[in-house]
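Here's the structure, in structure tokens; my notes come after.
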Amino acid sequence: MKHFIWVLILTIVAGCAKKTAPAIDPNGTTISLALHETKSYGDIAITASRIQESRCPMNARCIRAGEAIADLVISDKKNSTTVSLCTGADCARQKLGAQATAEPGSRRYLLSLVNILPDPTKTLEKGTQKVVFVIRRSN
């Protein structure tokens, strides 16, 4: 019984341990976020607040090629800002691109889109929508 109590206490303490954010790599860190998921990067939190998909599926005939847009909310303890990252042939029409800068406080971050998944131009499989991007501090 004593051993059970000690194992229980150690399990609770381990579960309460502070989760650390990924180390900040000056060359950038790749982050993958599902819709409404939040992850930490240094002293900021990043949330995928919206993923809008309108890219033309493979094997389909579409009037326009479409685009996929991900809105990311970047927050520190006092400030937050939203940036949009876009992939697809019609991003220019939306006046969006695959890179964006965020300044939630005194620090500046550069975000570069890798992909928005699943990509209907490459697969017909449905799955959890995710945005994959690289973030790095730019000052």
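Nothing in this text is a laboratory measurement; each read-out follows from the coordinates by a stated rule. Just so you know, these numbers come straight off a predicted model, no measurement behind them. Cβ placement follows ideal geometry from the backbone for every residue including glycine, while neighbour counts extend to all protein chains displayed.
Neighbours of residue 129, meaning other residues whose beta-carbon lies under 13 angstrom from its beta-carbon, give a summed charge of -1 when Lys and Arg score +1 and Asp and Glu score -1. If R0 equals 25 Å, the separation of the Cβ atoms of residue 52 and residue 32 corresponds to a calculated FRET efficiency of about 0.90. Here the Karplus curve 6.51 cos²θ - 1.76 cosθ + 1.60, taken at θ = phi - 60°, turns the phi angles of region 104-119 into couplings of x, x, 8, 9, 10, 10, 10, 10, 10, 5, 9, 5, 10, 10, x, 8 Hz, with x standing for Gly and Pro.
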